Amino acid sequence: MKLLLIGFGTVGQGLAELLIDKENILKDKYGMTVQVVGIADMLKGSVYNPGGVDLAQALKRAKGGEMIPGPAGGFDGDALAMIKQAKADMMVEATYTDIKTGEPATSHIRAALEKGMHVTTTNKGPTALFLYELEQLAAKEGVEFLYEGTVMSGTPLLNLARETLAGCRITEAKGILNGTTNYILTRMEEGLSYEVALAKAQELGYAEAVPDADVLGWDALAKVTIIANAIFGKKSTPEDFPCKGITEITAEAIAEAKSRGKRFKLIGKVWRDGDQIKASVGPEEIDLSHPLAGIMGATNAVTLTTDILGDVTIVGPGAGRTETGYSTLVDIIHVGGKR
Ligand code: HSE
């Protein structure tokens, strides 16, 4: 399988490391040889080689703060130009998320699908705003449009709901969907200031490029919208649902809640109300005995309420380099692996 990596930041590099580490498993277990033929990054430069780029070298350069192509020179053009020109089977779209416009990622995805490439993305902008349109385009072109990593990073909530729980009617999805805010609330309870906790979340690669998207709840709102569309079949965009973040929660309020046996969590939920689908994002005071109260740091958790099994809860990483990179590896194996 020939791959294009569009965006070579945290997620793209996380995938590149996994492709190198898992080369033998990909071959032996899934019958796959994965070759990266192009990398395009707005800041780090672009390189294209139909015979395969040197991934280890590109990783080394990116980690060292160097331009990916090195002195030999790179691809002359932007990501869109590379997508239009390249011969590849699948594109990994991992540029920064813009939840308001979905760009430039949506244009990248449309261009790749129109060329008959499969696409996996971790980008919440296109998926929260244009999921139906992109899925229809993929179906028309006879390719896959996959986006497991947009919700809970590599923790497989979407695959769980759509494949493993096939046949169940899901009536509610409720949980902690943003790693940054859960990390900040956890560290504030331990005594760190909001500012220091946020800076640490950025250092650890959890936060969005513009962390307003995390702390104001927009990132969780995008994920809630993806869940509403993908799991509940509710054609919706983020503007359809109420959203509040954590910026008004003070250290004093956290301590006071704890003295009453409660803990603040930023809760995202989607639920059936008669024949309507509703959704929201906002801070809630959860009883310390509630399973979601024990979810700390950047961990995410979602409880799916089903008609057949009752509640099924999935807990796992919600952000991070390898964790999110892994979600794209799963989608790549889904498309090209023998199982
Ligand atoms: N900024 C996001 C979070 C990254 O903190 O959860 C994963 O989507």
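Results, tabulated for the structure shown:
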{"read-out": "All positions within the range 225-254 that are of a type in the set (Gly, Ala, Ser) and closer than 18 Å to residue 126 by Cβ", "value": "228, 230, 236"}
{"read-out": "Residue check for residue 209: over 30 Å from residue 274 (Cα atoms) and either within 13 Å of the ligand (Cβ to nearest atom) or outside any helix (DSSP H, G or I) (or both)", "value": "yes"}
{"read-out": "Positions within the range 140-151 being more than 16 Å from the ligand (Cβ to nearest atom) and part of a helix (DSSP H, G or I), in sequence order", "value": "140, 141"}
{"read-out": "Among residues of the range 191-206, those that are small (Gly, Ala, Ser), touching a residue at least 12 places away in the same chain (Cβ under 8 Å) and either within 11 Å of the ligand (Cβ to nearest atom) or outside any loop (DSSP other than H, G, I, E, B) (or both), counted", "value": "3"}
{"read-out": "Checklist (1) in the same structural domain as residue 226 (by TED's automatic domain parsing); (2) within 16 Å of the ligand (Cβ to nearest atom); (3) of a type outside the set (Asp, Glu) applied to residue 121, failing item", "value": "(1)"}
{"read-out": "Any chance residue 235 is among the charged types (D, E, K, R) and surrounded by fewer than 22 Cβ atoms within 10 Å (Cβ to Cβ)", "value": "yes"}
{"read-out": "Selected residue [out of contact with any Phe, Trp or Tyr (no Cβ under 7 Å at 6 or more places or on another chain), modelled with pLDDT of 95 or more and surrounded by fewer than 21 Cβ atoms within 10 Å (Cβ to Cβ)] from 244, 223", "value": "244"}
{"read-out": "Filter pass, residue 137 being surrounded by 19 or more Cβ atoms within 10 Å (Cβ to Cβ), assigned to a helix (DSSP H, G or I) and not assigned by TED's automatic domain parsing to the domain that holds residue 224", "value": "no"}
{"read-out": "The range 215-264, residues that are in contact with a helix residue (DSSP H, G or I) (Cβ under 7 Å, 6 or more places away or on another chain) and assigned to a strand (DSSP E or B)", "value": "243, 263, 264"}
{"read-out": "Lone unmet requirement of (1) farther than 18 Å from residue 327 by Cα; (2) more than 16 Å from the ligand (Cβ to nearest atom); (3) not basic (Lys, Arg); (4) not in a loop (DSSP other than H, G, I, E, B) for residue 160", "value": "(1)"}
{"read-out": "Where a residue in the range 287-316 is closer than 13 Å to residue 156 by Cα and within 14 Å of the ligand (Cβ to nearest atom) and its partner, wherever it lies, is at pLDDT 95 or above and acidic (Asp, Glu), with Cβ under 7 Å and at least six apart", "value": "none"}
{"read-out": "Qualifying residue in the range 122-132 (condition: under 12 Å from the mean Cα position of the chain (by Cα) and not in a helix (DSSP H, G or I))", "value": "yes"}
{"read-out": "Lone qualifier among 170, 184 - being within 13 Å of the ligand (Cβ to nearest atom), over 18 Å from residue 11 (Cα atoms) and β-branched (Val, Ile, Thr)", "value": "184"}
{"read-out": "Sole residue being out of contact with any Ser or Thr (no Cβ under 7 Å at 6 or more places or on another chain) and of a type in the set (Gly, Ala, Ser), chosen from 40, 94, 105, 56", "value": "56"}
{"read-out": "The lone exception for residue 205 - which of (1) touching a helix residue (DSSP H, G or I) at 6+ places or on another chain (Cβ under 6 Å); (2) modelled with pLDDT under 95; (3) over 28 Å from residue 159 (Cα atoms) it fails", "value": "(3)"}
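The values are calculated or read from the model by the stated rules, or taken from the named source; none is laboratory data. Everything quoted here is computed from the prediction, not taken from an experiment. Positions of Cβ are generated from backbone atoms using ideal geometry, with glycine treated the same way; all protein chains shown enter the neighbour counts.
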